[in-house]
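Single-structure report; data block below.
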There are 2 protein chains.
Amino acid sequence: MKEELHLFKIGGAILEDAAELENTLAFFSNLPGRKLLVHGGGRRASRLSKTLGIETRMAEGRRITDAATLEVVTMVYAGLENKKVVSLLQAGGCNALGLSGADGNVILAEKRQPGKIDYGFAGDIRKVGAKSLSSLLESGFTPILCAITHDGQGQLLNTNADTIAAELAIALAPFYQVHLYYCFEMPGVMARIDNPDSLIAFLDPESYSIHKELGNISEGMIPKLDNAFRALEAGAATVQVGSRKSIANGTATQLLLTSDFPKK
Amino acid sequence: MKEELHLFKIGGAILEDAAELENTLAFFSNLPGRKLLVHGGGRRASRLSKTLGIETRMAEGRRITDAATLEVVTMVYAGLENKKVVSLLQAGGCNALGLSGADGNVILAEKRQPGKIDYGFAGDIRKVGAKSLSSLLESGFTPILCAITHDGQGQLLNTNADTIAAELAIALAPFYQVHLYYCFEMPGVMARIDNPDSLIAFLDPESYSIHKELGNISEGMIPKLDNAFRALEAGAATVQVGSRKSIANGTATQLLLTSDFPKK
């Protein structure tokens with residue numbers, strides 16, 4: 001029987017809300033067994049860019065990362081946000097250890113080739129260093145991954161945190177029973193974005209398709225859910241999407257591979 | 001017989017010079033056995049502070065760290081400079097893993113109590129997590145420490161990199177034969193600061209005292225040398241102060257506990 005690994009992606013709104021961050025990290029700390037956390041920090045990066053007079057440009061929800069923006073995201077993700085999360089977890093007794101993808105070569109990426117859009121120093125993941133990560137996990141550390149990767153040639157790259165979480169889940173699934181959580185400010189996936197009673201309990205690829213066709217699922221959720229389904233198909237044991245509270249009380253949206261829905 | 005550990009502190013001028021940094025990291029990578037690197041990043045932090053309109057205040061060569069300055073040094077040391085060094089080392093085949101003192105609780109500090117000067121969020125080291133560090137070293141990682149520590153209660157702190165290097169050497173000396181190097185832009189300690197021919201080959205506490213009394217040693221060097229002698233007295237096998245070149249060719253200043261100088 002493989003050991004369980006709880007893999008949490010926390011969203012940007014949580015990082016911005018001191019009380020919610022503390023509660024989320026306390027919940028995460030108390031999960032049993034091996035744990036790993038992934039975070040971004042886009043809102044703070046955009047604010048720092050503004051202060052520094054660097055224009056924030058986005059395309060299809062992703063940041064266009066020129067050289068100056070790469071410095072900003074490296075400072076904010078790997079510096080400010082990563083060390084904030086690590087120090088708070090350490091204060092709660094969790095032996096957190098912050099990483100970018102360059103550290104221990106845990107995420108090797110390649111610079112995205114310019115297509116219709118030139119994303120600049122954006123990294124597409126080539127290889128996850130599962131051996132390095134499991135060595136850290138088995139030594140008792142809880143890796144805290146920020147959304148910075150590298151190309152193995154000395155170039156840092158900016159990689160979407162949702163994608164990192166999915167790729168880590170996939171790479172670690174052969175060694176652990178991976179439970180992947182996309183934890184953000186919403187209680188889960190909504191069938192109607194403005195109606196909290198429309199929370200979807202279970203989502204399988206077929207119902208996901210239908211919801212997308214009907215325009216029920218917000219555009220921002222689609223890449224997240226695509227990543228989440230990819231991880232489930234590639235071996236994650238469970239995938240949940242929701243808030244800290246909905247994850248804690250078992251009402252977060254659970255992704256399934258078939259429409260054989262269990263009873264909640 | 002204890003394994004050898006090469007512990008390098010690299011100075012700020014090296015971080016600012018791309019070619020010298022690359023050469024220094026290549027030299028470091030090629031050292032045999034276990035390795036650990038400590039760096040600061042003060043010059044870059046001062047520039048970022050200026051751009052952000054935050055005043056840089058120093059007292060006795062140390063940065064006064066208010067809340068805004070702590071964010072700046074966390075971004076620059078733990079983010080920008082640490083990940084630059086890690087990605088360059090990884091490109092050279094060295095399995096570098098960047099850390100602040102909060103990561104894995106490797107350096108626990110306490111906020112310095114305000115005395116004549118209030119240094120703000122400055123951290124005095126209380127405990128080095130030698131077990132965490134040796135676990136990383138024995139797993140094949142090369143730890144890259146930046147000059148950020150924490151108090152174990154969720155507060156990050158700013159700690160002098162020279163002091164960190166000395167404290168790490170002292171804490172790791174029971175487990176390794178520690179070779180400590182203070183690598184900076186000068187070939188070593190000079191008897192007359194403006195005369196490169198006045199390089200001191202060996203320095204013991206007695207001759208150090210005399211040089212200090214005579215005013216031969218520059219003020220900036222004194223805290224560095226105090227740290228270096230402290231590490232030597234507390235168990236470091238060797239301590240050298242010099243540039244990459246002088247360390248490589250064996251002409252850096254070597255610290256000794258007695259005046260029984262060996263022949264170079």
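Which percent, to the nearest 5, of DSSP beta bridges fully inside the range A:3-184 are antiparallel?
Here the antiparallel bridges make up roughly 30 percent for the range A:3-184.
Just the C-alpha atoms of the range A:152-237: what Rg/Rh do they give, with Rh taken as the Kirkwood radius?
My calculation puts Rg/Rh at 1.03.
Per residue of B:60-73, count partner chain C-beta atoms within 10 Å of its C-beta, then hand back the mean as an integer.
1
For the range A:88-167, with only Lys/Arg (+1) and Asp/Glu (-1) charged at the beta-carbon, what is the dipole magnitude about the Cα centre, in debye rounded to 20?
That gives a dipole near 120 debye.
Kindly put B:Leu21, B:Leu257, A:Leu145 in sequence by how many other C-beta atoms sit within 10 Å of each C-beta, fewest to most.
Ascending Cβ contact count within 10 Å gives the list B:Leu257, B:Leu21, A:Leu145.
Along Cα-to-Cβ, 7 Å out, sits the label point; list in nm, shortest first, how far the one on B:Asp66 is from those in the other copies.
Result for B:Asp66, in nm, nearest copy first: 3.2.
For an R0 of 22 angstrom, estimate the FRET efficiency from the Cβ-Cβ distance between B:Asn23 and B:Arg47 and round to the nearest 0.05.
0.45
Kindly give the distances from A:Gly235 to its copy-mates, label point to label point, with each label point 7 Å from Cα along Cα→Cβ, as nm values to one decimal ordered shortest first.
Label-point distances to the other copies, shortest first: 4.2 nm.
Charges at C-beta only: +1 for Lys and Arg, -1 for Asp and Glu. How large is the resulting dipole of chain B about its Cα centre, in Debye rounded to 20?
Dipole magnitude for chain B comes out near 320 debye.
Compute the Kirkwood hydrodynamic radius of the range B:23-94, taking the inverse of the mean of 1/r over all pairs of distinct Cα atoms, and give it in Å to one decimal.
13.7
Just to be sure I understand the model, the point goes 7 Å from the Cα along the line to the Cβ. What's the resulting A:Lys212 to B:Lys127 distance in nm?
5.1
Can you list the copy-to-copy distances for B:Glu16, using a point 7 angstrom from Cα toward Cβ, in nanometres, shortest first?
The projected label point of B:Glu16 is separated from its counterparts by 3.6 nm.
Since chains B and A are linked by a rotation, which residue in B has the beta carbon closest to its axis, and how far is it in Å?
Closest to the axis: B:Gly79, 1.
In whole Hz and in residue order, list the ³J(HN,Hα) couplings for the range B:79-90 that follow from phi through the Karplus curve 6.51 cos²θ - 1.76 cosθ + 1.60, θ = phi - 60°; x for Gly and Pro.
The phi angles translate into x, 4, 6, 4, 6, 5, 5, 4, 5, 5, 5, 4 Hz.
If you take every residue apart from B:Phe121 with its C-beta less than 14 Å away from the C-beta of B:Phe121, what net charge results, scoring Lys and Arg +1 and Asp and Glu -1?
+1
Can you put A:Met75, B:Met58 in order of Cβ neighbours within 10 angstrom, beginning with the fewest?
Fewest-to-most Cβ neighbours within 10 Å comes out as B:Met58, A:Met75.
In the range B:189-264, if every C-alpha pair distance is counted and binned at 5 Å from zero, what percent goes to each bin?
The percentages, shortest bin first, are 3, 15, 28, 30, 19, 5, 0.
Rounded to the nearest 0.05, what FRET efficiency do B:Thr238 and B:Ala67 give with R0 = 51 Å and r taken as the Cβ-Cβ distance? Could you check?
FRET efficiency, B:Thr238 to B:Ala67: 0.80.
Residues with amide H under 5 Å of A:Leu256's amide H, sequence separation 5 or more or different chain, H placed in the peptide plane at 1.01 Å from N; which?
Amide H to amide H, under 5 Å and 5 or more residues apart or across chains, A:Leu256 pairs with A:Leu203, A:Asp204.
How big is the Cα convex hull of the range A:113-172 in projection, averaged over all directions, in nm²?
Computing the convex hull of the Cα atoms and averaging its projections yields 4.7 nm².
Dipole of the range A:32-128, Cα-centred, from +1 at each Lys and Arg C-beta and -1 at each Asp and Glu C-beta, to the nearest 20 debye?
280
Give a residue-ordered list of calculated ³J(HN,Hα) values for the range A:96-106 (Karplus: 6.51 cos²θ - 1.76 cosθ + 1.60, θ = phi - 60°; whole Hz; x for Gly, Pro).
Ordered by residue, 3J(HN,Hα) equals 5, 9, x, 9, 9, x, 6, 5, x, 6, 6 Hz.
Over all distinct Cα pairs, what is the inverse of the mean 1/r for chain A, reported as the Kirkwood hydrodynamic radius in Å?
18.7
Using only Cα atoms, locate the centre of the range B:148-183 and the centre of the range A:61-114, then give the distance between them in Å, rounded to an integer.
23
Determine, for A:Ile247, B:Ile144, the number of other Cβ atoms within 10 Å of each Cβ, and report the residues in order from fewest to most.
Values: A:Ile247 23, B:Ile144 26.
In increasing order of surrounding Cβ atoms, one gets A:Ile247, B:Ile144.
Kindly write out, for the range A:228-239 in residue order, the coupling ³J(HN,Hα) from the Karplus curve 6.51 cos²θ - 1.76 cosθ + 1.60 (θ = phi - 60°), rounded to whole Hz, with x marking Gly and Pro.
With the stated coefficients, the range A:228-239 comes to 5, 5, 4, 5, 5, 5, 9, x, 4, 5, 9, 9 Hz.
Quick one, can you get me the convex hull of the C-alpha atoms of the protein assembly as shown expressed as volume per residue in Å³?
Numbers: hull volume 81.4 nm³, N = 528.
In the protein assembly as shown, the Cα hull volume divided by residue count equals 154 Å³.
Amide H to amide H under 5 Å from A:Arg34: which residues, 5+ apart in sequence or cross-chain, H placed 1.01 Å off N in plane?
Amide H neighbours of A:Arg34, under 5 Å, 5+ apart: A:Glu4, A:His6.
If you average the sequence gap of Cα pairs under 8 Å that are 6 or more apart and divide by the length of the range B:3-255, what percent do you get for the contact order? Each step should come with its number before you reach the end.
Details: 505 pairs, mean separation 53.6, N = 253.
Taking the mean separation of contacting Cα pairs over the length of the range B:3-255, I get 21 percent.
B:Leu97's amide H: which non-local residues (gap 5+, or another chain) put their own amide H closer than 5 Å, with H modeled 1.01 Å from N in plane and none for Pro or chain starts?
Answer set, sorted by chain and number: A:Gly104, B:Thr142, B:Ile144.
Can you give the % of DSSP beta bridges in the protein assembly as shown that are antiparallel, to the nearest 5? Before the final figure, lay out each step's value.
On the way: 28 of 90 bridges.
The answer is about 30 percent antiparallel.
Gaussian network model of chain A, Cα springs within a sub-10 Å range: biggest mean-square fluctuation belongs to which of A:His211, A:His150, A:His179?
A:His211
In the neighborhood of B:Leu7, defined by Cβ-to-Cβ distances under 13 Å, what is the net charge if each Lys or Arg adds +1 and each Asp or Glu adds -1?
Cβ neighbours under 13 Å give a net charge of -1.
None of the figures in this text is laboratory data; all of them are computed from the coordinates on show. Model, not experiment: these values are computed from the prediction. Cβ: placed from backbone, ideal geometry, glycine included. Neighbour counts: every protein chain shown.
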